[in-house]
Every structure is written in structure tokens, then in C-alpha cells.
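Peer 1: The following block contains the structure, expressed as C-alpha cells.
The values are calculated or read from the model by the stated rules, or taken from the named source; none is laboratory data. No experiment lies behind these values; they were computed from the predicted model shown. Neighbour counts are summed over all protein chains in view; Cβ atoms, including those assigned to glycine, are modelled from backbone coordinates with ideal geometry. The area values use the complete protein model at the heavy-atom level, side chains included, leaving out ligands, DNA and RNA. Shrake-Rupley method; radii C 1.70, N 1.55, O 1.52, S 1.80 Å.
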Amino acid sequence: MEVLYEEEYRAIQEVVERLCRDANSKAVLLIDKNGQEIASSGEIENIDTTSLSSLTAGNVAATGGIARLLAEKEFTGQFHEGEHTNVHISIVAQRVILLVLFDQRTSLGLVRLRVKKASKDIQDVLDSMANKSEQAKPSIFEEITDEDIDNLFNDD
Amino acid sequence: MSFINYSSREINCKIVYYGPGLCGKTTNLQYIYQKTSPDARGKMVSLATETERTLFFDFLPLSMGEVHGFKARFHLYTVPGQVFYDASRKLILKGVDGVVFVADSQVERMEANMESLDNLRENLEEQGYDLDQLPYVVQYNKQDLPNAAPMDELSKLLNLTAVPEFSAVATTGDGVFGTLKAVAKLVMMDLRKRK
């Protein structure tokens, strides 16, 4: 079970927003390796970020599978070049995926540079999150009764 | 792995539909997609071949109401059933919270069912999971076909651990939501147990 508390969420969101701004990118998404969106920033109104997260995680998983077949630990980065939008995908701390969408307003070099810095910042937050998860367990499930769960699935 | 976001107040869980090729995993998801109101579901993504065989996975995000102010969201995935896609199946099982095994009830598919079930168990073990410890249900699909084996026979072969089981005809939707609700409920119960 992975838990994201308000405080860490805000810290992560800040990093993601800063990256989006500093890299001059269109949008930035932070996704967990199972395909859940953690945070996002930029021009995402017209993007289905849920599908994008799931597909990106699938892509990273498949690429990881290829790496293992080739006796590589993992390929840490991927770059897809489109006509209007480019995609930069990188793995942070072996557990989350940082996705940057960008266009001609910036360059791959700048994106790479800013991603490197942001990765370090995200890793710091994740580390503090891991420590905290060990100390404090989530409380939401303590309040949930069998009846609550039954009620979830009562009507079609 | 379930993901609890206190900021967006969401509980996210991953359910995987497993089973032999052409057993109806994608059809289950398509029916759920068609019958769920658009505000409770996201887009269904299918990575399929030109002949509509699943190549990597299908994906359908679904909201199933709220518990204590937290939205319960389920991400439904199918695996490609064909034997040679085993590497892809392993990837999709990563982080799974609940499993639906969709069996093809046709007598001549019994060996394929058993092979797929063994494969599920092995692939889970490789990822450090034990099927007997996971929220898990079995669905006997295609019960409308004339060559479908009866439920009790299927159960004896494919449900040795006596988990919840469902008769289904995924093309018409019979048993589809029953199966989904049962596994979703087991997932929520399991999360509570692991709190």
C-alpha cells in the first residue's frame, strides 16, 4: 500500500510545477510505476492524464523488460519525437516516472538538465515519505466498517 | 499496489483480468465500459493487434463511489491471453491488488484454462505474490454455449481453493458486474485488513 499525505503531495507538486516552468515545457506528470498519476502541471486540460499515466507505466514496464532481456539494469530515459509534441520519460529513484511533454519552445538539452535537478528533489521527498510511512500508518481504513464496504457495491 | 492519496482523497486499486486466449477478458471490460455512466469511468484503452487480439493490455479506470470521503477508484487491466505473450503478462501483474480469473467454459478449452491458471500462479510467485493470499475470484464465461461444461465440473478443476465463483456470459453482460463487485469488495476488505 502506498500512501501520499498532503504535505508530501504539496512538496512533490511544487517540484513538478517548478520543472514545468524551468524547462519551459508544455506539461509534466509524475506517475507511479503501476500507472497511477501522482502529480501534474502545465497544459493538461485537454489531455486524458489517467490513460497517459497507465500507458506510460506500461511503456516503462515493457522497456524494463527489454532491458532485463539484454542484461541491462534498466534504461533510465526515453525520448519520443513528434511533429508538435516531444516526450521525455525518465525513472526517478527506481520507483516513479517523470514524464515531460514539450515543443519547440524549449530543447531536449534543457529538459534533460532540469529533469536531473527535479529528480534529485523528488527523490528527497520520496525518502522522507518512506520514513514517514514506517512511522505512521494511514488511518482511513481504521474508520471503514464492513457495512461501508457493502454500501459501496450495493447499487448498479 | 494500492495507492492512497490523501490530497485528492482517493483510494486507487489495480484489478487484473487473467485467463486463456479468447476467454472474454476484453469483453468483460467492454461491457463494464458500455454500462457505466461516463462520469464514473475514464476512457478505455486497448492495445490490440489489427485482428483485435490483445497485444499488451486493456485498461479501464472506474470510480465506485465513496467511503468516508475517499473516492474508491479501480483500475481494471486485462492481460494478453495467448501463451507466447508471457513476458507482457508478468509486467501487468506488477502491483496487482485483486485478480479475476476468466475461464472459457467450453469443454475443449479446459486444458487452456488449467494451463493459464498454472501460469497465473507461477507469474504471481515470481513477483512475490501468493494467489491464495490475494483477493481473487473466478468467472466461468461463455456459459450460454452448447458445449459449455457445467459449473460444478468447472469448479472442481479450476477452483480448488473455493474462492467466490461466477457464471457469466460476458457478451450479454450476465455475471460481469457480479464478478467485478465481488473482487472489488475483496480488495477493499484486504486493504482494511492490511491497514
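Peer 1: Which residue, of A:ILE31, A:ILE47, is more than 9 Å from chain B (Cβ to nearest Cβ), part of a strand (DSSP E or B) and among the aliphatic types (A, V, I, L, M)?
Peer 2: On the way: A:ILE47 fails: part of a strand (DSSP E or B).
Answer to the check: A:ILE31.
Peer 1: Could you go through region B:82-97 and let me know if any residue there is touching a residue at least 60 places away in the same chain (Cβ under 8 Å) and either closer than 15 Å to B:PHE177 by Cα or of a type in the set (Asp, Glu) (or both). Outline the logic, then answer.
Peer 2: Initially, region B:82-97 is screened for residues touching a residue at least 60 places away in the same chain (Cβ under 8 Å), giving B:82-83, B:89, B:92-93, B:95-97.
Filter again for either closer than 15 Å to B:PHE177 by Cα or of a type in the set (Asp, Glu) (or both), leaving B:97.
Yes, region B:82-97 has at least one match.
Peer 1: Condition first: among the hydroxyl-bearing types (Ser, Thr, Tyr) and closer than 15 Å to A:MET129 by Cβ. Now tell me which residues in region B:1-20 satisfy that.
Peer 2: Our first condition is that a residue be among the hydroxyl-bearing types (Ser, Thr, Tyr); within region B:1-20, this holds for B:2, B:6-8, B:17-18.
Residues satisfying the conditions are B:TYR6, B:SER7.
Peer 1: Any idea which of B:GLY42, B:GLY21 is open to solvent by less than 30 Å² (accessible area, probe 1.4 Å) and within 11 Å of chain A (Cβ to nearest Cβ)?
Peer 2: Values: B:GLY21 fails: within 11 Å of chain A (Cβ to nearest Cβ).
Selected residue: B:GLY42, the only one of B:GLY42, B:GLY21 that is open to solvent by less than 30 Å² (accessible area, probe 1.4 Å) and within 11 Å of chain A (Cβ to nearest Cβ).
Peer 1: Additional query: Quick check on region B:162-195: of everything there that is assigned to a loop (DSSP other than H, G, I, E, B) and open to solvent by 70 Å² or more (accessible area, probe 1.4 Å), which residue is farthest from B:ASP104 (Cα to Cα)?
Peer 2: Here the answer is B:LYS195.
Peer 1: If only one of B:ILE11, B:ILE4, B:ILE32 is part of a helix (DSSP H, G or I) and either open to solvent by less than 40 Å² (accessible area, probe 1.4 Å) or modelled with pLDDT under 95 (or both), which one is it? It would help to see each step written out before you state the result.
Peer 2: Working: B:ILE11 fails: part of a helix (DSSP H, G or I); B:ILE4 fails: part of a helix (DSSP H, G or I).
Unique residue meeting the criteria: B:ILE32.
Peer 1: Which residue, of B:THR179, B:THR171, is within 15 Å of the chain's Cα centre (by Cα) and farther than 14 Å from B:VAL79 by Cβ? Write out each step before concluding.
Peer 2: Working: B:THR171 fails: within 15 Å of the chain's Cα centre (by Cα).
B:THR179 is the lone residue from the list that is within 15 Å of the chain's Cα centre (by Cα) and farther than 14 Å from B:VAL79 by Cβ.
Peer 1: Filter region A:30-75 down to the residues that are among the hydroxyl-bearing types (Ser, Thr, Tyr) and touching a strand residue (DSSP E or B) at 6+ places or on another chain (Cβ under 6 Å), then identify the one that is nearest to B:ILE92 (Cα to Cα). Please lay out each step first, then the result.
Peer 2: As a first pass, look at region A:30-75 and keep what is among the hydroxyl-bearing types (Ser, Thr, Tyr): A:40-41, A:49-51, A:53-54, A:56, A:63.
Filter once more, keeping what is touching a strand residue (DSSP E or B) at 6+ places or on another chain (Cβ under 6 Å): A:40-41, A:49-51, A:53-54, A:56.
Numbers: A:SER40: 24, A:SER41: 27, A:THR49: 19, A:THR50: 16, A:SER51: 15, A:SER53: 14, A:SER54: 11, A:THR56: 13 Å.
By that ranking, first place goes to A:SER54.
Peer 1: From the list A:VAL16, A:VAL96, A:VAL60, which residue is within 22 Å of A:ASP124 (Cβ to Cβ) and in contact with a Ser or Thr (Cβ under 6 Å, 6 or more places away or on another chain)? Can you show your working first?
Peer 2: Working: A:VAL96 fails: in contact with a Ser or Thr (Cβ under 6 Å, 6 or more places away or on another chain); A:VAL60 fails: in contact with a Ser or Thr (Cβ under 6 Å, 6 or more places away or on another chain).
Checking each option against the conditions leaves just A:VAL16.
Peer 1: Take the residues of region A:93-112 that are surrounded by fewer than 20 Cβ atoms within 10 Å (Cβ to Cβ), at pLDDT 95 or above and of a type outside the set (S, T, N, Q): which is farthest from A:GLY35 (Cα to Cα)?
Peer 2: Checking each candidate, the answer is A:ARG105.
Peer 1: May I pose another question? Are any residues in region A:16-28 open to solvent by less than 10 Å² (accessible area, probe 1.4 Å) and either part of a helix (DSSP H, G or I) or charged (D, E, K, R) (or both), and if so, which ones?
Peer 2: Passing the criteria: A:VAL16, A:LEU19.
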